[in-house]
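Visitor: Here it is: the structure, laid out below.
Readers should treat all values here as calculations from the given coordinates under stated rules, not as data from a laboratory. Remember, predicted model here, so these are calculated numbers, not experimental data. Note that we place each Cβ from the backbone using ideal geometry, even for glycine, and neighbour counts take in every protein chain shown.
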Amino acid sequence: MELVLLIVAMVVVGLLVGWIAGFIWKDKHPIGVQGDYVTAVITAVVVGLIAWFVIPAMGFSPGIRNLGVTMEPALGALLVLWLVRVAKR
């Protein structure tokens, strides 16, 4: 149940990042608005799952894991969206 909640939360984070990207990069959608949403959701889910499983395996505390799971997916999705824009120039 915890993993399902994590995936749902990461999908929501990805959708929010895709929406925010429209405000950050106005009129720059090289893969389209829907592409921004899909890219942000996929990136947020992948980064969130990696953070959820890798951070405890590295020996960090649950507090650090929670901090990583809340920050890394959003930052990772923004980074990937920026890289897509740089690559499409």
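Visitor: Exposure proxy check: Leu67, Leu5 ranked by fewest other beta carbons within 10 Å?
Guide: Ascending number of Cβ neighbours within 10 Å: Leu5, Leu67.
Visitor: List the trypsin sites (Lys or Arg not before Pro) within the stretch 3-81 that fall in a DSSP loop (any state other than H, G, I, E or B) and whose Cβ has at most 16 other Cβ atoms within 10 Å.
Guide: Sites meeting the loop and neighbour criteria: Lys26, Lys28.
Visitor: Turning to a different aspect of this structure: At Phe53 and Val86, where each label point lies 7 Å from the Cα along Cα→Cβ, what is the point-to-point distance in nanometres?
Guide: Distance between label points: 2.8 nm.
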